[in-house]
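Peer 1: Quick one: the structure is below, and I'll ask about it shortly.
Values in this text are rule-based calculations from the coordinates and carry no lab data. Note that this is a predicted model, so its numbers are computed, not measured. Note: ideal-geometry Cβ built from the backbone for every residue, glycine included; neighbour counts use all protein chains shown.
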Amino acid sequence: MSEKQLIELIVNGETHELIIEPRRTLVDVLRHDLELTGTHVGCEHGICGACTVLLDGAPVRACLIFAAQVEGHDVRTVESLAHADGTLNDLQQAFSAHHGLQCGFCTPGFLMLAEGFLAERPEATKEEIREVVASNLCRCTGYQTIVEAIDDCAARRRADLQARLDAHAAQSA
Amino acid sequence: MSPHEPTFTPGGTWVGASVPRREDPRLLAGRGRFVDDIHLPGMLHAQFVRSTVAHGVITGIDLSAVREVPGVVAAFTAADLDLADITAVLDRPEPEFVPTDMPVLARDRVRYVGEPIAIVIARDPYGVEDGLEAAVVDYDVLPPIVTDTRALEPGAPLVHDNAPANTLLDVTMFATEGIDDVFGQAPCVVRVRTKTGRQNALPLETRGVVAEWDDRDEQLRVQTCTQVPHQVRTVLARCTGLDERSVRVLVPDMGGGFGQKCVVGREEIATAAAALRLRRPVKWIEDRKDALTAAFLAREQRYDVRAAFDADGRILAIDADVVCDMGAYSCYPFTAGIEPLMASAEMPGVYRLPAYRVRGRAVTTNKAPTAPYRGVSRPQYVMVVERLFEKAARALDMDPVEIRRRNLITVFPYTGINNITYDPGSYLESLNLCEQVLHDEGWYERKRELAGRDRVLGIGYACFSERTGYGSGAFAQRRMSVVPGFDISEVRMDTSGTLTVTTGTLSHGQSHETTMAQIVADRLGVDIARVKIQQGDTDRVTYGWGSFASRSITIGGSAVAAASVKLADVLREIAAHLLETHVENTELDGAGGVRLRDDHAKRLSFEELADVAYLRAHLLPKDVGPGLCATASFDVAGDGTFSNATHGVVVELHPGTGQVEILRYVCVEDCGVAIHPQVVEGQCRGGIAQGIAGVLFEQVGYDENGEPSCASFMDYKVPTAAEMPEIAIHHLETPCAFTESGAKGAGEGGTIGAPAAVLNAVNDALRVTGVELDDTPITPEAVLRALEPA
């Protein structure tokens with residue numbers, strides 16, 4: 001067993017000090033030390049994507065990263081998605097509306113994958129979304145409704161942005 | 001329908017409306033509670049020392065170094081824990097069925113790579129892994145039996161000394177008199193020989209358990225992800241010698257099961273026994289490697305089947321030989337007979353078959369044992385039967401859809417050659433609609449057009465029905481000695497007028513918290529927000545059989561409905577008394593109250609009635625006791641109800657890579673009344689995805705030493721969104737006459753139809769080559785070979 005070390009993690013905007021073994025993975029720290037159990041573990045070898053979280057805004061596999069590696073970086077988990085009053089955000093609502101989840105085990109991974117992807121490519125086509133959805137595994141849905149949920153959410157976000165731009169333009173005119 | 005706006009059916013009922021799922025908010029917020037999310041004070045972590053050989057005698061287990069590893073708290077062998085074996089039996093004499101014992105931990109013999117030998121317990125999951133590395137097990141290696149053909153060879157070494165010819169089940173059924181003459185005289189006889197790959201049901205959440213002894217309750221409290229909590233309790237009590245009262249099994253949120261979790265696992269018993277011994281909470285979470293190699297597998301079967309047809313394409317007889325490679329042990333409670341008995345009993349399926357003979361065998365091999373997996377043998381025998389019809393159509397130069405039409409059961413109820421009575425379905429209608437859809441979408445035209453341009457397209461179908469809702473009678477017919485079937489539900493109303501409803505079924509993705517609440521809401525005339533379904537707690541739920549075999553809505557849903565109706569009667573009786581009228585003059589008002597039939601203004605809300613039932617019981621009618629609670633059970637009389645579907649698939653074969661691309665997938669399904677259409681579609685699509693996975697991608701391989709070749713997702717090819725097609729679903733509705741809601745099961749159908757439809761489409765595409773593929777999964781290599789110019 002190796003020496004423990006003190007690290008500082010920023011998760012969902014909150015800073016935590018932890019004393020951990022260097023071999024401790026980010027997903028284990030999130031789940032078992034910080035008790036943020038929304039992030040799940042499906043394979044521990046980076047294929048299934050159930051542990052996907054955002055690292056400085058980009059989706060990563062939390063099972064393939066040591067917690068010590070992300071000191072000082074911004075980590076976001078599924079627990080950060082809902083609004084402060086507990087209501088679900090638009091992406092979460094789209095998953096529910098399209099029945100994009102059944103058992104719900106893979107869902108946090110897909111949510112964080114989509115959240116990261118849509119932030120980077122808000123104009124993504126349905127085909128591009130399907131390609132990105134292929135990063136993670138789901139055993140229940142056959143993926144179609146996950147793709148539809150993300151596509152719907154993206155379309156709504158674009159429409160919302162356009163409406164705000166239009167309103168702004170109207171105001172300035 | 002816009003998915004954001006749940007629609008309600010014109011009748012204003014909850015049943016039939018795709019309401020938002022009750023499960024969703026917590027699962028989407030990351031606030032579900034799965035077994036690995038449970039942290040108990042002082043909790044220890046367990047893993048298993050597992051066999052590294054497929055077959056051997058254990059000559060020594062040395063755990064002394066394990067116990068020295070920092071962080072390790074204990075390590076136990078079979079001798080240390082002294083648990084009774086898990087033994088699943090059928091009510092059949094030897095040699096029809098040979099019972100075999102599955103020890104919780106291997107004692108002196110190991111029978112597959114990954115078999116648990118010892119449990120190691122440490123303060124954290126990392127320490128357990130350190131501990132495992134220090135374990136020393138010595139074996140005298142025995143020759144492994146890795147294939148079913150080797151298992152059946154005369155003189156082959158025995159996996160179980162008490163199972164001659166490595167055969168755990170051997171039955172010949174039906175054997176219509178004169179069947180050999182039918183084959184002798186028939187103008188057309190076709191034959192299908194096929195082998196299907198060993199698969200992993202692969203719930204994305206692996207198996208796991210947290211167990212602790214509770215001094216206050218004097219109970220072993222076991223939180224485990226299982227589809228069958230009461231069966232785990234029964235086996236755990238038997239293995240440890242505890243009374244069943246002293247075991248409480250609770251099921252947290254569960255990340256899928258698909259059958260792998262509908263049998264009792266050795267590891268969950270061993271972990272609980274270790275917690276009992278240590279008097280400390282112990283958690284075991286299966287890692288993916290163990291889940292891929294040592295968890296219950298399924299589906300490896302070999303068929304040799306002949307069918308006789310007359311010159312007009314009418315089927316005359318089927319003669320089948322089915323061999324299922326069940327691996328090293330019989331699973332509890334179903335036994336190794338589950339797959340061959342399912343195939344043998346149900347194979348005639350949707351067709352009017354005059355003569356039938358089947359031999360079904362379960363052989364034991366040195367591979368991880370098997371459990372029922374979504375569809376249980378039906379994906380395979382449907383594939384075989386559908387291939388027989390395609391082959392006969394070719395031999396007789398008939399249209400493959402037309403030959404099916406001529407043979408489908410169209411008059412119901414229909415009692416088949418297999419002594420099963422089929423309740424009404426839409427066999428012909430679903431086939432006609434499915435064919436129509438593919439025609440209307442222009443796929444036949446497209447296939448013809450592209451054929452001239454070296455594009456290889458094929459169209460394939462699968463027609464099938466699926467018995468859903470096996471009652472005690474149907475399982476008893478299989479001669480199970482532990483007979484599942486009934487379900488019991490209790491509906492309780494509290495002083496707020498809200499409802500708590502128990503069910504012995506166990507949702508793990510199927511949405512029962514929503515769909516069962518819909519059933520209750522309709523029966524009592526309340527908003528579903530006022531109904532909470534309670535499941536997965538053996539102390540709170542009366543003995544039940546969990547969720548498998550598409551039984552939950554048909555049987556569990558019927559029990560829930562029946563209990564609700566009983567409670568409604570009590571509410572009306574109290575209301576009648578308080579309103580000073582006869583109960584016949586009252587009715588539910590559909591808005592959480594009881595009113596007078598002829599004067600709707602005279603009404604008492606459920607809150608008011610509950611207030612009397614609990615807090616002012618002196619006001620109750622004389623013959624009504626205090627409290628508001630009703631219990632009802634439901635069992636299926638007779639042969640159960642059959643859901644049916646036709647799947648139609650268009651594939652394109654890519655000559656460069658051998659890839660099978662699914663261009664179009666159409667499913668026409670009939671599960672009777674759909675409680676929640678969106679959930680039904682979800683079950684269909686998810687099932688189809690697993691069927692496609694089986695026919696095109698997944699296979700657990702073994703080398704000649706019995707070493708499994710799939711220890712990670714690099715080797716076990718689970719399809720992603722890139723491989724899955726869009727799936728169009730059309731609904732037909734033939735209500736079930738005897739379930740309380742008219743619903744039939746919808747859990748497995750997708751998985752059952754997909755392999756046959758895809759395989760038929762691939763063979764349709766290969767028609768020009770003269771090559772036929774019958775084994776699955778269909779590999780790119782096999783397609784490439786088939787496409788090579790002769």
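Peer 1: Under 5 Å between amide hydrogens, which residues at least 5 positions from A:A82 or on another chain qualify, with H placed 1.01 Å from N in the peptide plane?
Peer 2: A:N89
Peer 1: Between A:Q162 and A:D74, what FRET efficiency follows from the Cβ-Cβ distance if R0 is 41 Å, with the result rounded to 0.05?
Peer 2: 0.90
Peer 1: Another question, if that's okay. Sort B:514-521, B:67-74, B:604-611, B:748-755 by the packing proxy (mean of other Cβ within 10 Å over each peptide's residues), most packed first.
Peer 2: Taking the mean over residues of other Cβ atoms within 10 Å, the ranking is B:748-755, B:514-521, B:604-611, B:67-74.
Peer 1: Search the structure for amide H atoms under 5 Å from the amide H of B:D539, placed 1.01 Å from N in the peptide plane, and list their residues when 5 or more places away or on another chain.
Peer 2: It is B:V249, by chain and number.
Peer 1: Which net charge results when you count Lys and Arg as +1 and Asp and Glu as -1 among the other residues whose beta-carbon is under 11 Å from that of B:F486?
Peer 2: Combined, the nearby Lys, Arg, Asp and Glu give -1.
Peer 1: For B:36-44, what's the mean count of beta carbons from other chains sitting within 10 Å of each residue's beta carbon?
Peer 2: Mean inter-chain Cβ contacts per residue within 10 Å come to 2.
Peer 1: Between B:H654 and B:Q436, what is the label-to-label distance in nm when each label sits 7 Å out along the Cα-to-Cβ direction?
Peer 2: The two pseudo-label positions are separated by 3.5 nm.
Peer 1: Test of understanding: ordering B:D37, B:D537 by Cβ neighbours within 10 Å, fewest first, what list do you get?
Peer 2: B:D537, B:D37
Peer 1: Describe numerically, in nm with one decimal, the distance between label points set 7 Å from Cα along Cα→Cβ at B:S712 and at B:A395.
Peer 2: Label at B:S712, label at B:A395, 4.8 nm between them.
Peer 1: Okay, moving on. For the range B:517-534, just list the computed ³J(HN,Hα) in residue order, Karplus coefficients 6.51, -1.76 and 1.60, θ = phi - 60°, integers in Hz, with x standing in for Gly and Pro.
Peer 2: For the range B:517-534, the Karplus-derived couplings read 5, 4, 4, 5, 4, 5, 5, 10, x, 10, 6, 5, 4, 8, 10, 10, 8, 10 Hz, x marking Gly and Pro.
Peer 1: Dipole size in debye (nearest 20) for the range B:86-128 around its Cα centre, Lys and Arg Cβ +1, Asp and Glu Cβ -1?
Peer 2: Magnitude of the dipole: close to 220 debye.
Peer 1: Can you give the mean number of other chain Cβ atoms that lie within 10 Å of the Cβ atoms in peptide B:728-741?
Peer 2: Counting Cβ atoms of other protein chains within 10 Å of each residue's Cβ and averaging gives 0.
Peer 1: Beta carbons within 10 angstrom, averaged per residue: use that to sort the peptides A:19-29, A:162-172, highest first.
Peer 2: A:19-29, A:162-172
Peer 1: I would also like to ask the following. What does the charge dipole of the protein assembly as shown about its Cα centre add up to, to the nearest 20 debye, if the Cβ of each Lys and Arg holds +1 and the Cβ of each Asp and Glu holds -1?
Peer 2: Dipole magnitude for the protein assembly as shown comes out near 1020 debye.
Peer 1: Take peptides B:555-563, B:202-210 and line them up by average Cβ neighbours within 10 Å, highest first, as a rough protection proxy.
Peer 2: B:555-563, B:202-210
Peer 1: Could you give me the percent of Cα pairs per 5 Å distance bin for the range A:24-173, shortest bin first, beginning at zero and ending with the bin that holds the maximum distance?
Peer 2: In order of increasing distance, the bins hold 2, 10, 18, 21, 19, 13, 8, 4, 2, 1, 0, 0 percent.
Peer 1: I'd like the Karplus ³J(HN,Hα) series for the range A:109-116: coefficients 6.51, -1.76, 1.60, θ = phi - 60°, whole numbers in Hz, and an x wherever there's a Gly or Pro.
Peer 2: x, 5, 4, 6, 4, 5, 4, x
Peer 1: Would you mind checking B:K622/B:K744; A:K126/B:K195; B:K261/B:K532; B:K283/B:K367; B:K283/B:K532; B:K283/B:K717 for any pair whose Cα atoms are more than 31 angstrom apart?
Peer 2: Table pairs above 31 Å Cα-Cα are B:K622/B:K744; A:K126/B:K195.
Peer 1: So what's the gap between the Cα centers of the range B:101-179 and the range B:392-433, to the nearest angstrom?
Peer 2: If you average the Cα positions of each part, the centres end up 41 Å apart.
Peer 1: Quick one: grab the alpha carbon gyration tensor of the range B:538-678, order the square roots of its eigenvalues as a ≥ b ≥ c, and give me rounded if a/c is under 1.5, else prolate or oblate depending on whether a/b is larger than b/c.
Peer 2: Prolate is the answer for the range B:538-678, as a/c is 1.5 or above and a/b outweighs b/c.
Peer 1: Let me spell out the model: positive unit charges on the Cβ of Lys and Arg, negative unit charges on the Cβ of Asp and Glu, origin at the Cα centre of chain B. What dipole size does that give, in debye rounded to 20?
Peer 2: In total the dipole reaches around 300 debye.
Peer 1: Just to confirm a number: summing +1 for Lys and Arg and -1 for Asp and Glu over residues other than B:I533 whose beta-carbon lies under 11 angstrom from that of B:I533, what do you get?
Peer 2: Net of charged neighbours comes to 0.
Peer 1: Right, here's the next one. Which of the trypsin sites (Lys or Arg not before Pro) across the range B:496-590 are loop residues per DSSP, with 14 or fewer other Cβ within 10 Å?
Peer 2: For trypsin sites (Lys or Arg not before Pro) across the range B:496-590 that sit outside H, G, I, E and B with at most 14 neighbouring Cβ atoms in 10 Å, the list reads B:R540.
Peer 1: Compare the Cα positions of A:I10, A:T39, A:H73 along the charge dipole of the range A:1-80 (+1 at Cβ of Lys, Arg; -1 at Cβ of Asp, Glu; about the Cα centre) and return the one farthest towards the positive end.
Peer 2: Value computed over the given set: A:T39.
Peer 1: So for B:I675, B:I409, fewest C-beta neighbours within 10 Å to most, what's the order?
Peer 2: Ranked by crowding around the Cβ, least crowded first: B:I409, B:I675.
Peer 1: Let me ask something additional. Quick one: net charge around A:A58, please, counting Lys, Arg +1 and Asp, Glu -1 for every other residue with C-beta under 15 Å from its C-beta.
Peer 2: Every neighbour counted, the sum reads -1.
Peer 1: With r as the distance between the Cβ atoms of B:S64 and B:D108 and R0 = 22 Å, compute the FRET efficiency 1/(1 + (r/R0)^6) and round to 0.05.
Peer 2: 0.65
Peer 1: Calculate the spin-label point distance for B:D214 paired with A:E128, positioning each point 7 Å from the Cα along the beta-carbon direction, and give it in nanometres.
Peer 2: It works out to 5.2 nm between the two label points.
Peer 1: Within 10 Å of each Cβ in A:110-116, how many Cβ atoms from other chains are there, averaged over the peptide?
Peer 2: 1
Peer 1: For the range A:1-80, what relative contact order do you get, as a whole percent, if you take Cα pairs closer than 8 Å and at least 6 residues apart?
Peer 2: 36 percent
Peer 1: A further question on this structure: Can you give the FRET efficiency to the nearest 0.05 for B:E726 and B:H618, using r as the Cβ-Cβ distance and R₀ = 41 Å?
Peer 2: 0.05
Peer 1: Which far-off residues, 5 or more places away or on another chain, put their amide H under 5 Å from the one on A:T25, with H placed in the peptide plane?
Peer 2: Under 5 Å from the amide H of A:T25: A:A67.
Peer 1: Distance between Cα centroids, the range B:650-699 to the range B:74-97: provide it in whole Å.
Peer 2: 39 Å
Peer 1: Antiparallel as a % of all DSSP beta bridges within the protein assembly as shown, to the nearest 5?
Peer 2: Close to 80 percent.
Peer 1: Using a/c under 1.5 as the rounded threshold, could you call chain B rounded, prolate or oblate? The axes a ≥ b ≥ c are square roots of the C-alpha gyration tensor eigenvalues, and prolate needs a/b larger than b/c, oblate otherwise.
Peer 2: Judged from the Cα gyration tensor, chain B comes out oblate (a/c at least 1.5, b/c at or above a/b).
Peer 1: PRE reach from B:D138 (point 7 Å along Cα→Cβ): which of the range B:58-97 fall under 11 Å by backbone N?
Peer 2: So the set is B:59-62.
Peer 1: So how do B:S51, B:S709, B:S511 line up by other beta-carbon neighbours within 10 Å, fewest first?
Peer 2: Going from least to most buried by this count: B:S709, B:S51, B:S511.
Peer 1: Remind me, relative contact order of the range B:472-572 in percent, using alpha carbon pairs under 8 angstrom and six or more residues apart?
Peer 2: It comes to 35 percent, rounded to a whole number.
Peer 1: Right, next: When only C-alpha pairs under 8 Å and at least 6 residues apart count, what is the relative contact order of the range A:83-173, in percent?
Peer 2: So the answer I get is 38 percent.
Peer 1: May I ask you to evaluate 6.51 cos²θ - 1.76 cosθ + 1.60, the Karplus curve with θ = phi - 60°, for each residue of the range A:79-86 and list the ³J(HN,Hα) values in order in whole Hz, giving x for glycine and proline?
Peer 2: Karplus-based 3J(HN,Hα) across the range A:79-86 equals 5, 8, 6, 5, 6, 4, 7, x Hz.
Peer 1: Sort the protein assembly as shown into rounded, prolate or oblate with this rule: let a ≥ b ≥ c be the square roots of the eigenvalues of the Cα gyration tensor; rounded if a/c is under 1.5, and if a/c is not under 1.5, prolate when a/b is larger than b/c, oblate otherwise.
Peer 2: rounded
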